[in-house]
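Colleague: Below is one structure. I have some questions about it.
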Amino acid sequence: MTTLAHAMMTAARSADSGLTGPGELDRYPYAEGPGADRVGSSVWDATDPDLGRMGRRAAGSRGRGLHGQLVQQLGQMIVSGDLGADRPLVPEEIGQRFEVSRTVVRESLRVLEAKGLVSARPNVGTRVRPVSDWNLLDPDIIEWRAFGPQRDDQRRELSELRWTIEPLAARLAAGHGRPEVQQRLTDMVEIMGHAMGQGDALTFSRADAEFHSLLIQVAGNRMLEHLSGIVSAALQVSGGPIAGCDRPNEASLSHHARIADALAAGDASGAEAAMRQLLTVHPEVERVVPAPREH
């Protein structure tokens, strides 16, 4: 195994362990601490039972910090429909329920406003915006939709979007990659192979994500490159929290290797065809896109 592969697999296992630094858990009393249902719960629970219930779902977001975790909590509530369109968000109530400062609440709402989820207006306050106003290409919103009630539609839409982005990126990237980038793509395929052999789905998915990100970056199209975050988000949510194009398997690995070989050889048609075959893993996508053509 290469040094790169070993380092990447070790890092993935450490990140997946869920371990936190000294005193880390004490920073989030509103997550699952003994006071989670004591401070401010009467205000939120009386207003809407869903709000109080969501306050006890924060365990999976530890490590994001107070600001990031509150963004995660409120974003999930909005996207899931627990906080419907035009619902007022009162900063004082949010601060009491989640035991955070006004500054944390204010900054969190600004982030959500930038994503199109809420709007703040004088004499009106902060309210939840309708789905038509959301930035549906925002990586956080992609993740929240993919693990909420809209999961099936979100994953189908992402798969369809990838069909419009990645085959073209593969065609454009053929023969244009610098030697060090081409080597990096080959390294990612090697890492995926080692990870699959050890049953390490997390490392597999991370190498998978870097492979696709690199490919888009070397396509030479800045607008496509701007969409690389969407592809990365799609890889993280397609089929499961740590799955890549599909569950790690020999077919997926083989298609990645074919893409890397075609890119190195400057074979644009071959790279495009291999990418289309790689993406044909979701039955719902096969209904709306043509089967890969042989070139």
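The values are calculated or read from the model by the stated rules, or taken from the named source; none is laboratory data. Fair warning: this is a prediction, and the values are worked out from it, not measured in the lab. Glycine also receives a Cβ, built like all others from the backbone with ideal geometry; neighbour counts cover every protein chain displayed. Remember, those area values only see protein heavy atoms, side chains included, never the ligands or the DNA or RNA. Shrake-Rupley method; radii C 1.70, N 1.55, O 1.52, S 1.80 Å.
Colleague: Within segment 170-187, track down each residue that is in contact (Cβ under 8 Å) with a residue 60 or more places away in the chain and either of a type outside the set (Gly, Ala, Ser) or assigned to a helix (DSSP H, G or I) (or both).
Modeller: Within segment 170-187, 170, 171, 172, 173, 182, 185, 186, 187 meet the criteria.
Colleague: Filter segment 89-120 for residues that are in contact (Cβ under 8 Å) with a residue 60 or more places away in the chain and charged (D, E, K, R); which is least open to solvent (accessible area, probe 1.4 Å)?
Modeller: 97
Colleague: Go through segment 196-206 and give me each residue that's among the aliphatic types (A, V, I, L, M) and out of contact with any Pro (no Cβ under 7 Å at 6 or more places or on another chain).
Modeller: 202
Colleague: Quick one: how many residues across segment 233-290 are open to solvent by less than 30 Å² (accessible area, probe 1.4 Å), at pLDDT below 80 and assigned to a helix (DSSP H, G or I)?
Modeller: Here the count works out to 5.
Colleague: Could you give every pair whose Cβ atoms fall below 8 Å, whose first residue belongs to segment 257-278 and is closer than 14 Å to residue 219 by Cα and touching a residue at least 12 places away in the same chain (Cβ under 8 Å), and whose second residue is hydroxyl-bearing (Ser, Thr, Tyr) and assigned to a helix (DSSP H, G or I), counting only separations of at least 6 or pairs across chains?
Modeller: Close Cβ pairs satisfying both conditions: 260/186; 264/186.
Colleague: Could you please find all residues in segment 121-141 being touching a strand residue (DSSP E or B) at 6+ places or on another chain (Cβ under 6 Å) and open to solvent by 50 Å² or more (accessible area, probe 1.4 Å)?
Modeller: Selection gives 127, 129.
Colleague: Can residue 79 be described as within 22 Å of the chain's Cα centre (by Cα), buried (at least 19 other Cβ atoms within 10 Å of the Cβ) and β-branched (Val, Ile, Thr)?
Modeller: yes
Colleague: If residue 144 satisfies all but one of (1) buried (at least 22 other Cβ atoms within 10 Å of the Cβ); (2) free of Cβ contacts under 8 Å to residues at least 60 places away in the same chain, what's the number of the condition it fails?
Modeller: (2)
Colleague: Moving to a separate point now. Of all residues in segment 214-229, which are part of a helix (DSSP H, G or I) and modelled with pLDDT of 80 or more?
Modeller: Of everything in segment 214-229, those that are part of a helix (DSSP H, G or I) and modelled with pLDDT of 80 or more turn out to be 214, 215, 216, 217, 222, 223, 224, 225, 226, 228.
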